[in-house]
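Remarks on the structure that follows.
Taken together, the values in this text are just the output of simple stated rules run on the coordinates, not laboratory data. Quick caveat, the model's predicted, so the values are computed rather than measured.
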Amino acid sequence: IGCKCGRGQSQGPARDWKPLEQRSCTDIPWLILFFLFCVGMGCICGFTVYTGGALRIVRGYDSYGNTCGRRNSPIKGIELSGLNMTENKYVFFLDPCNIDFLNRKIKSLALCVSKCPDEELKTYYDVKQFSLSNVKNCRYVSYTLPICITSERYRPITWSGCACASCVHSKAVRVLHRCVPTELSCYAELAQAFVSFVNDSSAIQRVIAGVLASKEIILGLCLLALVLSVILMVVIRYISKVLVWITTILVILGAVGGTGVLWWLYADHRKALDNATTTVFGKEVVADNVKALLIYAIISTVFTVVLLLVIFFMRKRVALTIALFHVAGKVFIHLPLLALQPFWTFLGLMLFWVYWISVFLFLGISGTPMKSNSTGLVEFQMKQPFQYLVWYHAVGLIWISEFILAFQQMTIAGAVVTYYFTRNKSEIPALPIVSSTWRAFRYHLGTVAKGSFIITLVKIPRLILTYLHSQLKGKENACARCMLKACVCCLWCLEKCLAFLNQNAYTATAINSTNFCTSARDALGILVENALRVATINSIGDFALFLGKVLVVSCTAFVGVLSLNYQRDYTVWVLPLFIVCLFAFLVAHCFLSVFEIVVDVLFLCFAIDTKYNDGSSGREYYMDKALMVSEKESLGWLLVSGVSMESVGRHLHSPVT
């Protein structure tokens, strides 16, 4: 990981708060720590390769510890181990549908065969002929199959010579060197819970048939959701005012309507109490309800009045949210490659998760081969201290995933900072996203590693407590359950707060090239000074973006209903529409999350701009015209700063903004 340091980090409290041309490396010790951690992750992968676990997963292995497709070394105490399986390259499970869900494995005898059965094996003679022709090594003799003995469908088969029993009565296909049955009825046990829930197997068949038949429509609707999400990020600058005021009106209507309903219920129950002819006990119940409704109505009224007052006094700050949305739309026009950030992040996460899952599976069979006392077959058990490798690997999943997400935030922050603090937009670099990515990689990987590690420290205990709560459900008392939920909730809130602070710290780092702690402290100070603005943007702005997601999903679902309506043979639309709507929401969430990051970065730049500049000569504002008009209307900055109208007029009409 390259890190070429420029000039040293400037000392002293005073800084210019503008992007530095000469940058310096930040949080180098954390970069070294993260690099060593990644080396440890690589060593775990090397350990699985050295112990043969990776090869067993890739090529498959039988129940006696032999890896298919190669020569094997004998295992002490296992008679049929150490066989030459060079010609037997595929794993054949005798009862592939006998799955142990608890231990996540197939409870079946596995054999290495030269090919998978290409036709249905209906009789014991067919099984015998397949075994004689495909089990090349005659050390396979008379198996005792306790698994098959307990099944009424199968019996062990024994004959002289090369003997092999098979519980598979259907032809199979080769999947990752495994013989997988093609008969769907074989997997009835896997779908048993779902079938019992639906209680109609024909319904399942109709749903699946509908999905397969409408796969072109589903693909087209998914592409439509992708296009709508990209378009929304560009045009949201024109509809941001509508979205924000719709959000505000809905909040007001909800509060006023809820208060009105409570007062109506109170009056209705009070009237019923006055006219009640019930027993004394019934009157007491009605009286209690009247008191409760009165309390709720008063609380709701106070809340509504406070809410209306807050909205009235903060109505100008709502204009700031609209202005930020407007400028964010301009950012995506000037920096179109921002729209591709979700793709690169998703691709990076997918590649890492595939690697992580592969190594995790390798670890499961990288232990020492041991003979099972119950079955007499080989099981791989990992002994101390290698068992801790699994925990190290699990921490790596969280930290590196958070690192990838944090790197995206740093990249977006660097590009938006470059856009904001460039007065003449024609002087913006040709590829600011590429330049920002390079700066983050060259100078600020240590800051990204430190920020992601802090999130990991909070997320790990939260996940552990969540797992304990799920495992102890129904066993712990009410007090313990309440404490667990409270701890999980507190950790979740702390994680969200730290994630928000991290994002602003990355922005401060992108501006001043300071380390994580300094950037977080400076960003927190700016946010505290603008607490009301932050609350407005994070409440109204987030809900407006949520409405944008709903808009994408609604449009996609509407087009989906119209498209499926022309296919009258597809009577079951539930699953196709669910797949399309879920994909549309995920895509809209990914793109609008990038838009949300851009808005947050713009706000911090705007707050810094208004704090350290006043529009006078030599201290001109960097902000866009829309933000400047919003600032003028909301805070009356002209009177406070004493800037002349001529100076403001020149800046408002400046062509470089």
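Per the Cauchy relation, a quarter of the hull surface: what is the mean projected area of the convex hull of the alpha carbons in the stretch 27-74, in nm²?
4.1
Once phi is turned into θ = phi - 60°, what whole-Hz ³J(HN,Hα) does the Karplus curve with 6.51, -1.76 and 1.60 give for every residue of the stretch 493-500, x standing for Gly and Pro?
4, 4, 4, 5, 5, 5, 5, 5
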